[in-house]
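The values are calculated or read from the model by the stated rules, or taken from the named source; none is laboratory data. Not measured: the values here are computed from a predicted model. Glycine also receives a Cβ, built like all others from the backbone with ideal geometry; neighbour counts cover every protein chain displayed.
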Amino acid sequence: MMKTSNLNEKPGYPGGKRGVVLVVALAFMALLIFGVTSLALMIQTDAGFVKKTRDMAAARFAAEAGINHALANLDSSTYEAISGSTITNDTSAFTAGSYLVTFSEPSAGRYLATSVGTANGETATATMEIRPASAAKSATDFFAAAAGNVQIKVHNLSVDGYITGGVHANGNLTLTVQPRAAFTLTGPLSACGTVNIDNKGTLVRSGTNTNGAPFVAFPTFKYAALETLAKDSGNYYSGNTTLTGVQTPANGVIYINGTLTVSGNCTIYGGVVANSILVPNGCVLTQYKSGTRNLILARTGEIRVQGRLDIKEALVYAEGDILTHQKNSKDADPEVYVLGGLIAKGSITFWNEKNHLQYTRVEVSSPEMNGVNTRNSIVSWNK
């Protein structure tokens with residue numbers, strides 16, 4: 001019997017769904033190609049990002065290497081010797097990139113080393129602000145210098161006060177001359193902050209005022225050597241001590257591992273070292289030059305004058321403040337007379353209602369004074 005076919009049935013696939021498999025296969029292949037292409041693009045993008053990150057890091061490290069190279073040069077030379085020059089890396093020893101260091105003075109007293117690192121087209125910059133040794137004045141160049149502020153008020157009953165020599169503050173400097181007061185100032189006034197003069201009396205002025213001045217460096221002292229000298233001569237005290245009368249240390253120095261309090265009239269020939277020094281109201285501490293250790297040193301604290309401090313020739317130094325101000329006191333009548341120098345790592349504050357101030361700068365040296373740091377110093381480093 002002959003089999004007949006249905007004219008409505010499309011040949012090649014049962015049910016008339018001819019070509020569906022081909023369409024599905026093509027769609028799958030398209031999706032697969034799209035996925036592979038996207039993955040390849042992602043891998044390529046990630047690889048580029050990784051390379052860029054690596055090159056940026058290499059450029060940053062190269063810039064920092066340039067700063068380190070500049071530091072090495074500064075340690076072995078002066079800033080003036082390398083300023084205006086450039087520093088480049090030795091490509092045989094440093095192959096991760098390259099750097100170029102230049103030196104500049106973008107503003108008066110501000111010195112920069114700028115290092116630009118390069119690696120495969122990526123760049124990074126590191127800067128270092130430098131204080132050249134030649135730009136760092138010593139506190140001993142002035143009559144009075146403080147790492148903090150200097151505040152001096154001349155009372156209206158004072159008619160014979162004077163300062164002969166420069167005064168500097170790493171902070172701000174304030175000089176107030178009250179009505180009816182007379183004061184003579186011979187020498188420059190400078191501050192890293194501002195110099196403020198409030199003259200309501202008679203101020204005889206000779207010298208310049210400088211705001212935004214460079215910082216000054218401070219001397220250090222050989223305390224161990226001074227202690228040994230005092231012990232050898234029998235002028236060492238192991239705790240808080242009160243001194244009165246005439247003191248003539250054989251080795252030129254008294255060493256007190258505590259607070260020195262003056263009682264009555266005390267005269268020292270040479271120098272004295274204590275943690276802090278107090279001259280109470282009604283008491284007098286007088287110093288005369290003797291030998292080479294004319295140092296009045298408050299090793300860890302302040303020097304407070306409520307009575308009279310009369311220095312014939314010495315360097316007066318405090319790791320803390322030097323002050324006459326006695327808060328809430330009306331009876332103190334401090335007097336400060338100094339021939340030599342006055343230096344405080346804190347502040348200098350002569351701000352009492354009654355102050356008698358007479359200062360003259362004289363350069364004082366001692367084998368137990370180290371002087372100031374004359375090396376180039378780093379102010380800041382921006383990576």
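Figures for the structure shown
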item	result
Subset of the stretch 182-197 [farther than 16 Å from GLY171 by Cα and touching a Phe, Trp or Tyr at 6+ places or on another chain (Cβ under 8 Å)]	PHE183, THR184, LEU185, THR186, GLY187
Number of positions in the stretch 208-250 that are buried (at least 16 other Cβ atoms within 10 Å of the Cβ) and at pLDDT below 95	10
Filter result for ALA58 (of a type in the set (A, V, I, L, M, F, W, C), within 33 Å of the chain's Cα centre (by Cα), surrounded by 10 or more Cβ atoms within 10 Å (Cβ to Cβ) and at pLDDT 65 or above)	yes
Candidate set from the stretch 290-314 (those that are surrounded by fewer than 18 Cβ atoms within 10 Å (Cβ to Cβ) and more than 19 Å from THR324 (Cα to Cα)); member that is farthest from the chain's Cα centre (by Cα)	GLY291
Strands (runs of 3 or more DSSP E) within the stretch 165-282 that include 1 or more residues of a type outside the set (A, V, I, L, M, F, W, C) and either over 16 Å from ILE152 (Cβ atoms) or in contact (Cβ under 8 Å) with a residue 60 or more places away in the chain (or both)	202-206, 241-247, 253-269, 271-279
Total residues in the stretch 107-128, condition within 23 Å of the chain's Cα centre (by Cα) and at pLDDT 70 or above	8
Hey, ILE197 closer than 17 Å to GLU335 by Cβ and at pLDDT 85 or above or not	no
Selection from the stretch 140-164 of residues that are under 25 Å from THR220 (Cβ atoms) and in a loop (DSSP other than H, G, I, E, B)	PHE142, PHE143, ALA147, GLY148, ASN149
Those residues of the stretch 85-106 which are surrounded by fewer than 16 Cβ atoms within 10 Å (Cβ to Cβ) and at pLDDT 75 or above, in sequence order	THR88, SER104, GLU105
Contacts under 8 angstrom Cβ, first residue in the stretch 321-345 being at pLDDT below 65, partner basic (Lys, Arg) and surrounded by fewer than 21 Cβ atoms within 10 Å (Cβ to Cβ), 6 or more apart	ALA332/LYS354
Residue that is of a type in the set (Val, Ile, Thr) and over 32 Å from the mean Cα position of the chain (by Cα), where the choices are THR220, THR261, THR208	THR261
